[in-house]
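The values are calculated or read from the model by the stated rules, or taken from the named source; none is laboratory data. On a predicted model such as this, the values are computed, not experimentally measured, just so you know. Cβ placement follows ideal geometry from the backbone for every residue including glycine, while neighbour counts extend to all protein chains displayed. With ligands, DNA and RNA removed, areas are computed over all heavy atoms of the protein, side chains included. Shrake-Rupley method; radii C 1.70, N 1.55, O 1.52, S 1.80 Å.
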Amino acid sequence: MKRNDILWKATLEDLFDDFLRFFYPDAEQLFDFEKGFEYLDKELDQLFPPEADNYAPRYVDKLVKVFTLQDDEEWILVHIEVQGYTDQEFAKRMFQYYYRILDKYDKPITAFAIFADTNKSFHPRYYERNFLGTSIRYAFNTYKIIEQNDAKLEASNNPFAMAVLSAKLILSNAKSNYEQLFNNAFELAKRLLTKQMPKDKVRKLMSFLRYYLHFENNEMFAKFEQEIAILTERKVTMGIEEFLLDRAEKKGIEKGLEKGLEKGLKKGLEEGIEKGRAETIKETAFKMKQSGLDLTLISNITGLSVQEIEKLF
(Lines give C-alpha, C1' and ligand atoms only; values in the text may rest on other atoms or scores of the structure.)
Protein backbone atom coordinates (compact mmCIF):
# COMPACT_ATOMS: atom_id res chain seq x y z
CA MET A 1 0.00 0.00 0.00
CA LYS A 2 1.33 3.43 -0.95
CA ARG A 3 0.36 6.61 0.88
CA ASN A 4 -0.02 9.57 -1.43
CA ASP A 5 1.24 12.25 0.96
CA ILE A 6 0.63 15.01 -1.58
CA LEU A 7 -3.03 14.80 -0.53
CA TRP A 8 -2.01 16.43 2.72
CA LYS A 9 -1.17 19.60 0.83
CA ALA A 10 -4.68 19.92 -0.59
CA THR A 11 -6.29 18.83 2.67
CA LEU A 12 -4.38 21.39 4.73
CA GLU A 13 -5.65 24.07 2.38
CA ASP A 14 -9.22 22.75 2.34
CA LEU A 15 -9.35 22.46 6.13
CA PHE A 16 -6.96 25.19 7.23
CA ASP A 17 -9.54 27.03 9.35
CA ASP A 18 -10.30 23.73 11.08
CA PHE A 19 -6.57 23.12 11.50
CA LEU A 20 -6.25 26.39 13.43
CA ARG A 21 -9.29 25.62 15.57
CA PHE A 22 -7.99 22.10 16.24
CA PHE A 23 -4.65 23.28 17.63
CA TYR A 24 -5.81 26.58 19.14
CA PRO A 25 -8.98 26.36 21.29
CA ASP A 26 -9.04 30.19 21.38
CA ALA A 27 -8.57 30.53 17.61
CA GLU A 28 -11.65 32.75 17.25
CA GLN A 29 -10.00 35.33 19.54
CA LEU A 30 -6.58 35.03 17.90
CA PHE A 31 -7.26 34.99 14.16
CA ASP A 32 -9.41 37.03 11.78
CA PHE A 33 -11.12 34.26 9.82
CA GLU A 34 -13.23 36.73 7.84
CA LYS A 35 -10.14 37.97 5.98
CA GLY A 36 -9.32 34.48 4.75
CA PHE A 37 -5.85 33.05 4.23
CA GLU A 38 -3.08 33.51 1.69
CA TYR A 39 -1.14 30.39 0.70
CA LEU A 40 2.47 31.19 -0.10
CA ASP A 41 3.49 27.92 -1.75
CA LYS A 42 5.35 29.57 -4.63
CA GLU A 43 7.28 31.76 -2.24
CA LEU A 44 8.13 28.74 -0.10
CA ASP A 45 9.34 26.83 -3.16
CA GLN A 46 11.70 29.68 -3.95
CA LEU A 47 13.11 29.54 -0.43
CA PHE A 48 13.42 25.76 -0.37
CA PRO A 49 12.87 24.11 -3.82
CA PRO A 50 10.78 20.90 -3.74
CA GLU A 51 11.88 17.53 -5.06
CA ALA A 52 11.55 16.84 -8.77
CA ASP A 53 8.64 14.37 -8.47
CA ASN A 54 5.71 16.64 -7.61
CA TYR A 55 3.37 13.70 -7.03
CA ALA A 56 5.49 11.63 -4.64
CA PRO A 57 7.41 14.02 -2.40
CA ARG A 58 9.22 12.83 0.68
CA TYR A 59 7.55 15.63 2.63
CA VAL A 60 4.74 18.11 2.24
CA ASP A 61 4.93 21.71 3.38
CA LYS A 62 2.67 24.75 3.53
CA LEU A 63 3.28 28.40 4.35
CA VAL A 64 0.16 30.40 5.13
CA LYS A 65 -0.39 34.10 5.78
CA VAL A 66 -2.96 34.50 8.56
CA PHE A 67 -4.52 37.78 9.70
CA THR A 68 -4.80 38.26 13.44
CA LEU A 69 -7.06 40.10 15.86
CA GLN A 70 -4.08 41.23 17.90
CA ASP A 71 -3.26 44.93 17.98
CA ASP A 72 0.50 44.48 17.72
CA GLU A 73 0.54 42.22 14.63
CA GLU A 74 -1.68 42.56 11.55
CA TRP A 75 -0.66 39.16 10.21
CA ILE A 76 1.60 36.23 11.00
CA LEU A 77 2.90 33.16 9.15
CA VAL A 78 2.05 29.52 9.81
CA HIS A 79 4.52 26.95 8.49
CA ILE A 80 3.36 23.32 8.35
CA GLU A 81 5.40 20.32 7.32
CA VAL A 82 4.05 16.79 7.00
CA GLN A 83 6.81 14.22 7.45
CA GLY A 84 6.16 10.65 6.33
CA TYR A 85 9.49 8.96 7.00
CA THR A 86 12.38 8.92 9.47
CA ASP A 87 14.91 11.66 8.75
CA GLN A 88 17.66 12.53 11.21
CA GLU A 89 18.09 15.90 9.49
CA PHE A 90 14.43 16.85 9.89
CA ALA A 91 14.87 19.27 12.82
CA LYS A 92 17.69 21.02 10.98
CA ARG A 93 15.48 21.43 7.92
CA MET A 94 12.75 22.97 10.08
CA PHE A 95 15.29 25.46 11.38
CA GLN A 96 16.43 26.23 7.85
CA TYR A 97 12.83 26.96 6.86
CA TYR A 98 12.46 29.22 9.89
CA TYR A 99 15.47 31.44 9.26
CA ARG A 100 14.80 31.72 5.53
CA ILE A 101 11.14 32.65 6.11
CA LEU A 102 12.13 35.11 8.84
CA ASP A 103 14.78 36.68 6.62
CA LYS A 104 12.25 37.19 3.80
CA TYR A 105 9.23 38.41 5.77
CA ASP A 106 10.47 39.47 9.22
CA LYS A 107 7.09 38.50 10.72
CA PRO A 108 6.12 36.21 13.63
CA ILE A 109 6.19 32.53 12.63
CA THR A 110 4.60 29.50 14.24
CA ALA A 111 5.65 26.12 12.87
CA PHE A 112 4.07 22.67 12.98
CA ALA A 113 5.60 19.29 12.21
CA ILE A 114 2.97 16.63 11.56
CA PHE A 115 4.55 13.18 11.63
CA ALA A 116 2.69 10.77 9.34
CA ASP A 117 5.07 7.82 9.77
CA THR A 118 4.92 4.58 11.78
CA ASN A 119 8.25 4.88 13.62
CA LYS A 120 7.19 5.59 17.21
CA SER A 121 10.76 6.40 18.26
CA PHE A 122 11.05 9.20 15.69
CA HIS A 123 9.73 12.46 17.12
CA PRO A 124 12.15 15.41 16.88
CA ARG A 125 10.90 18.49 18.72
CA TYR A 126 13.72 21.01 18.35
CA TYR A 127 17.01 21.84 16.66
CA GLU A 128 19.98 22.73 18.84
CA ARG A 129 23.55 23.80 18.12
CA ASN A 130 26.43 24.88 20.37
CA PHE A 131 29.94 26.00 19.58
CA LEU A 132 32.49 27.86 21.74
CA GLY A 133 29.98 29.77 23.80
CA THR A 134 27.56 30.41 20.95
CA SER A 135 24.32 28.41 20.96
CA ILE A 136 20.87 28.29 19.43
CA ARG A 137 17.75 26.22 20.13
CA TYR A 138 14.76 26.23 17.78
CA ALA A 139 11.65 24.43 19.08
CA PHE A 140 8.49 23.87 17.05
CA ASN A 141 5.01 22.40 17.51
CA THR A 142 4.81 18.66 16.81
CA TYR A 143 1.97 16.20 16.30
CA LYS A 144 2.52 12.46 15.88
CA ILE A 145 -0.50 10.91 14.16
CA ILE A 146 0.20 7.31 15.17
CA GLU A 147 0.22 8.33 18.86
CA GLN A 148 -3.22 9.96 18.89
CA ASN A 149 -6.23 8.60 20.76
CA ASP A 150 -8.93 7.22 18.44
CA ALA A 151 -11.79 7.85 20.85
CA LYS A 152 -10.85 11.49 21.31
CA LEU A 153 -10.58 12.05 17.57
CA GLU A 154 -13.90 10.30 16.88
CA ALA A 155 -15.64 12.40 19.53
CA SER A 156 -14.61 15.60 17.76
CA ASN A 157 -16.72 17.32 15.12
CA ASN A 158 -13.68 19.18 13.83
CA PRO A 159 -13.04 18.10 10.20
CA PHE A 160 -9.27 18.14 10.73
CA ALA A 161 -9.65 15.59 13.53
CA MET A 162 -11.34 13.28 11.02
CA ALA A 163 -8.49 13.77 8.55
CA VAL A 164 -6.07 12.73 11.29
CA LEU A 165 -8.25 9.74 12.15
CA SER A 166 -8.30 8.68 8.49
CA ALA A 167 -4.51 8.92 8.25
CA LYS A 168 -4.06 7.03 11.51
CA LEU A 169 -6.33 4.25 10.26
CA ILE A 170 -4.10 3.71 7.23
CA LEU A 171 -0.88 3.95 9.27
CA SER A 172 -2.16 1.55 11.94
CA ASN A 173 -3.35 -0.98 9.36
CA ALA A 174 -0.24 -0.84 7.17
CA LYS A 175 0.46 -4.55 7.74
CA SER A 176 -3.18 -5.67 7.71
CA ASN A 177 -4.66 -7.70 4.88
CA TYR A 178 -6.69 -5.81 2.29
CA GLU A 179 -10.02 -7.19 3.54
CA GLN A 180 -9.43 -5.95 7.08
CA LEU A 181 -8.24 -2.57 5.85
CA PHE A 182 -11.28 -2.33 3.59
CA ASN A 183 -13.68 -3.06 6.44
CA ASN A 184 -12.03 -0.57 8.81
CA ALA A 185 -11.95 2.17 6.17
CA PHE A 186 -15.57 1.58 5.20
CA GLU A 187 -16.69 1.78 8.84
CA LEU A 188 -14.83 5.07 9.19
CA ALA A 189 -16.50 6.39 6.04
CA LYS A 190 -19.94 5.57 7.51
CA ARG A 191 -19.08 7.35 10.77
CA LEU A 192 -17.85 10.34 8.81
CA LEU A 193 -21.27 10.79 7.22
CA THR A 194 -22.88 11.08 10.66
CA LYS A 195 -20.71 14.02 11.69
CA GLN A 196 -22.19 17.47 12.17
CA MET A 197 -20.06 19.35 9.67
CA PRO A 198 -20.55 21.14 6.33
CA LYS A 199 -21.27 18.83 3.39
CA ASP A 200 -18.43 20.22 1.29
CA LYS A 201 -15.95 19.30 4.03
CA VAL A 202 -17.45 15.83 4.38
CA ARG A 203 -16.92 15.41 0.63
CA LYS A 204 -13.31 16.55 0.85
CA LEU A 205 -12.64 14.27 3.80
CA MET A 206 -14.18 11.35 1.93
CA SER A 207 -11.87 12.02 -1.02
CA PHE A 208 -8.89 12.26 1.33
CA LEU A 209 -9.74 8.86 2.84
CA ARG A 210 -10.24 7.22 -0.57
CA TYR A 211 -7.02 8.47 -2.13
CA TYR A 212 -4.83 8.25 0.96
CA LEU A 213 -5.97 4.65 1.29
CA HIS A 214 -4.93 3.81 -2.28
CA PHE A 215 -5.30 0.01 -2.54
CA GLU A 216 -2.67 -1.55 -4.76
CA ASN A 217 -5.09 -4.45 -5.20
CA ASN A 218 -7.18 -3.20 -8.13
CA GLU A 219 -10.18 -5.36 -7.31
CA MET A 220 -10.29 -4.05 -3.74
CA PHE A 221 -9.94 -0.48 -4.96
CA ALA A 222 -12.86 -0.94 -7.36
CA LYS A 223 -14.95 -2.52 -4.62
CA PHE A 224 -14.23 0.32 -2.22
CA GLU A 225 -15.10 2.92 -4.88
CA GLN A 226 -18.41 1.21 -5.57
CA GLU A 227 -19.30 0.87 -1.90
CA ILE A 228 -18.50 4.52 -1.22
CA ALA A 229 -20.61 5.54 -4.24
CA ILE A 230 -23.53 3.53 -2.84
CA LEU A 231 -22.96 4.87 0.66
CA THR A 232 -23.01 8.48 -0.51
CA GLU A 233 -25.85 7.77 -2.97
CA ARG A 234 -23.84 9.31 -5.80
CA LYS A 235 -22.66 7.80 -9.06
CA VAL A 236 -19.39 9.71 -8.77
CA THR A 237 -17.74 10.97 -5.60
CA MET A 238 -16.73 14.55 -6.27
CA GLY A 239 -13.05 15.36 -6.25
CA ILE A 240 -11.73 12.66 -8.56
CA GLU A 241 -12.12 14.79 -11.69
CA GLU A 242 -9.99 17.58 -10.24
CA PHE A 243 -7.37 15.12 -9.08
CA LEU A 244 -7.10 13.35 -12.45
CA LEU A 245 -7.04 16.57 -14.47
CA ASP A 246 -4.39 18.13 -12.25
CA ARG A 247 -2.12 15.09 -12.67
CA ALA A 248 -2.72 15.10 -16.42
CA GLU A 249 -1.97 18.79 -16.72
CA LYS A 250 1.30 18.47 -14.77
CA LYS A 251 2.42 15.63 -17.06
CA GLY A 252 1.31 17.65 -20.06
CA ILE A 253 3.41 20.62 -19.02
CA GLU A 254 6.51 18.43 -18.74
CA LYS A 255 5.92 16.96 -22.20
CA GLY A 256 5.06 20.38 -23.55
CA LEU A 257 8.39 21.77 -22.44
CA GLU A 258 10.15 19.04 -24.37
CA LYS A 259 8.04 19.57 -27.47
CA GLY A 260 8.45 23.32 -27.16
CA LEU A 261 12.11 23.06 -28.05
CA GLU A 262 11.13 21.63 -31.42
CA LYS A 263 7.85 23.35 -32.26
CA GLY A 264 7.99 26.64 -30.40
CA LEU A 265 7.43 26.91 -26.68
CA LYS A 266 3.85 28.19 -26.65
CA LYS A 267 2.53 25.74 -29.20
CA GLY A 268 4.50 22.88 -27.67
CA LEU A 269 3.13 23.60 -24.22
CA GLU A 270 -0.45 23.69 -25.44
CA GLU A 271 -0.09 20.42 -27.34
CA GLY A 272 1.79 18.78 -24.49
CA ILE A 273 -0.76 19.73 -21.87
CA GLU A 274 -3.61 18.38 -23.96
CA LYS A 275 -1.76 15.17 -24.80
CA GLY A 276 -0.67 14.65 -21.20
CA ARG A 277 -4.21 15.16 -19.95
CA ALA A 278 -5.66 12.67 -22.46
CA GLU A 279 -2.98 10.02 -21.88
CA THR A 280 -3.30 10.15 -18.09
CA ILE A 281 -7.08 9.88 -18.17
CA LYS A 282 -6.89 6.93 -20.57
CA GLU A 283 -4.31 5.19 -18.38
CA THR A 284 -6.54 5.65 -15.34
CA ALA A 285 -9.61 4.43 -17.24
CA PHE A 286 -7.74 1.32 -18.41
CA LYS A 287 -6.67 0.45 -14.85
CA MET A 288 -10.25 0.86 -13.65
CA LYS A 289 -11.47 -1.34 -16.50
CA GLN A 290 -8.91 -4.03 -15.57
CA SER A 291 -10.10 -3.94 -11.97
CA GLY A 292 -13.64 -4.73 -13.05
CA LEU A 293 -15.19 -1.32 -12.35
CA ASP A 294 -18.47 -0.70 -14.18
CA LEU A 295 -17.84 0.94 -17.58
CA THR A 296 -20.58 3.50 -17.06
CA LEU A 297 -19.04 4.54 -13.75
CA ILE A 298 -15.61 4.82 -15.42
CA SER A 299 -17.20 6.98 -18.10
CA ASN A 300 -18.74 9.28 -15.50
CA ILE A 301 -15.41 9.63 -13.70
CA THR A 302 -13.11 10.16 -16.68
CA GLY A 303 -15.36 11.80 -19.25
CA LEU A 304 -14.52 9.13 -21.84
CA SER A 305 -17.35 7.41 -23.67
CA VAL A 306 -18.16 3.77 -22.95
CA GLN A 307 -17.11 2.96 -26.52
CA GLU A 308 -13.71 4.59 -25.99
CA ILE A 309 -13.20 2.67 -22.77
CA GLU A 310 -14.11 -0.64 -24.44
CA LYS A 311 -11.34 -0.06 -27.02
CA LEU A 312 -8.63 0.49 -24.37
CA PHE A 313 -6.09 -2.33 -24.06
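Based on Cβ point charges of +1 for Lys and Arg and -1 for Asp and Glu, what charge dipole magnitude is obtained for the range 24-168 about its Cα centre, in debye rounded to the nearest 20? List each step's numbers first, then the result.
Numbers: 17 positive and 25 negative charges, 129 e Å.
Result for the range 24-168 is approximately 620 debye, rounded to the nearest 20.
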Calc'd 3J(HN,Hα), the range 113-123, phi into Karplus 6.51 cos²θ - 1.76 cosθ + 1.60 (θ = phi - 60°), Hz, glycine/Pro = x, comes to 10, 9, 8, 10, 10, 10, 7, 5, 8, 9, 7
Calc'd 3J(HN,Hα), the range 63-79, phi into Karplus 6.51 cos²θ - 1.76 cosθ + 1.60 (θ = phi - 60°), Hz, glycine/Pro = x, comes to 10, 10, 8, 10, 7, 10, 9, 7, 5, 7, 9, 6, 8, 10, 10, 10, 9
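Which loop trypsin sites (Lys or Arg not before Pro) in the range 168-214, with loop taken from DSSP, have no more than 12 other Cβ atoms within 10 angstrom of their Cβ?
On the way: sites: 168, 175, 190, 191, 195, 199, 201, 203, 204, 210; in loops: 175, 195.
Answer in residue order: 175.
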Computed ³J(HN,Hα) along the range 19-33: with the Karplus parameters 6.51/-1.76/1.60, θ = phi - 60°, integer Hz and x for glycine or proline, the list is 4, 5, 5, 5, 8, 10, x, 9, 4, 5, 8, 8, 10, 9, 5
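At a 1.4 Å probe radius, carbon and sulfur cover how many percent of the accessible area of the range 98-172?
Values: 1790 of 3960 Å².
Carbon and sulfur: 45 percent of the exposed surface of the range 98-172.
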Full extension between residue 39 and residue 71 adds, at 0.36 nm per residue less the Cα distance, a length in nm of 9.3 nm
Under 5 Å from the placed amide H of residue 139, counting only residues 5+ away or on other chains, we find 127
Stretched fully, the stretch from residue 122 through residue 219 gains (0.36 nm per residue minus C-alpha distance, one decimal, in nm) 31.5 nm
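Roughly how many debye, to the nearest 20, is the charge dipole of the range 86-214 about its Cα centre, given +1 on each Lys and Arg Cβ, -1 on each Asp and Glu Cβ, and no other charges? Could you put the intermediate results ahead of the total?
Working: 21 positive and 12 negative charges, 64 e Å.
In total the dipole reaches around 300 debye.
So what's the net charge close to residue 37: Lys and Arg +1, Asp and Glu -1, counting the other residues with Cβ under 9 Å from its Cβ? Mind dumping the intermediate values first?
Numbers: positive: 35, 65; negative: 13, 17, 38.
Residues near residue 37 contribute -1 overall.
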